[in-house]
Amino acid sequence: MSTDPCRDAVNQFLAKDFSTWRGLPAHCTLAALARLELGSDETATVLGEGKAPAAYRRARTTAYTELLTLWLRDSAVVRISAELPALPDVPALLHALGPPDAKLDAWRATVPVRSPESEWVWAARGLALVLSTDHSKVMQLIVYSPTTVDTYRGQIRFDEAPREQPM
């Protein structure tokens, strides 16, 4: 184990070991992400229902097939998200994590509809999973510093509205 808690958390993230996940330490910087191939483009955006200013960068790693999104605020990593993370044994992971602190509705990227209670949030553990309708697959993995559900919703969650309205 290293003496850098941020680097340790990133290593656990890369190992896809979330049954004992305790969140990203506060104030992690891009330096802790040395094992990732970081993109250089940074795009301004907002996070949370409070529309808190943030930026994001993309990163590549062999641990995940899709690009990671690194969300930053004041040079600190606010959250890391991975689309289609291919986590092993999702039912066992959900059992190990126990009941989530909240189940939020989420927009599906592929269809312009809200999926009821598909974003399961373990705010005190700094973890959220957007699940498939049958809860057998993780569609998106989100890690961040431990917090409350209100802070997650207000300052950390990315809640993009659909680009099209259903007929």
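Coordinate-derived values only; no laboratory data. Since the model is a prediction, treat every value here as computed from it, not as a measurement. Because the Cβ atoms are built from the backbone with ideal geometry, glycine has one as well, and the counts that use them run over all protein chains shown.
Can you pull the one-decimal nm distance between simple spin-label points at residue 37 and residue 62, each 7 Å off the Cα toward Cβ?
Modelled inter-label distance: 1.1 nm.
Contact order normalised by length for the chain, with contacts defined as Cα pairs under 8 Å and 6 or more residues apart; what percent is it?
With pairs under 8 Å counted, the relative contact order is 23 percent.
With point charges of +1 on the Cβ of Lys and Arg and -1 on the Cβ of Asp and Glu, referenced to the Cα centre of the chain, which listed residue (52, 143, 38) lies farthest in the positive direction of the dipole?
The residue sitting farthest along the positive end of the dipole is 38.
For residue 137, go through the lysines and keep the ones whose alpha-carbon is under 20 Å away, minus same-chain ones fewer than eight residues off.
16, 103
Given the DSSP H assignment, sum -39500 (n - 2.57) over each helix run of at least 4 residues in the chain and divide by its residue total; what's the result at 222 nm in deg cm²/dmol, nearest 500?
So the helix-based figure for the chain works out to -3000 deg cm²/dmol.
Just check the range 5-156 against the gyration tensor rule for me: Cα atoms, a ≥ b ≥ c as the square roots of the eigenvalues, rounded for a/c under 1.5, and otherwise prolate or oblate depending on whether a/b exceeds b/c.
Taking the square roots of the gyration eigenvalues as a ≥ b ≥ c, the range 5-156 is rounded.
Rounding to the nearest 20 debye, state how big the charge dipole of the chain is about its Cα centre with +1 on each Lys and Arg Cβ and -1 on each Asp and Glu Cβ.
Here the size comes out at about 140 debye.
Please check the chain for the longest run free of trypsin sites (Lys or Arg not before Pro) that are loop-located per DSSP (anything but H, G, I, E, B) and have at most 12 other Cβ atoms within 10 Å.
Maximal segment without exposed cleavage sites: 52-162.
When the Karplus curve 6.51 cos²θ - 1.76 cosθ + 1.60 is applied with θ = phi - 60°, which whole-Hz ³J(HN,Hα) does each residue of the range 127-144 get, with x for Gly and Pro?
Residue by residue, the range 127-144 yields 9, 9, 10, 8, 9, 5, 4, 8, 6, 8, 10, 9, 7, 8, 10, 10, 10, 6 Hz.
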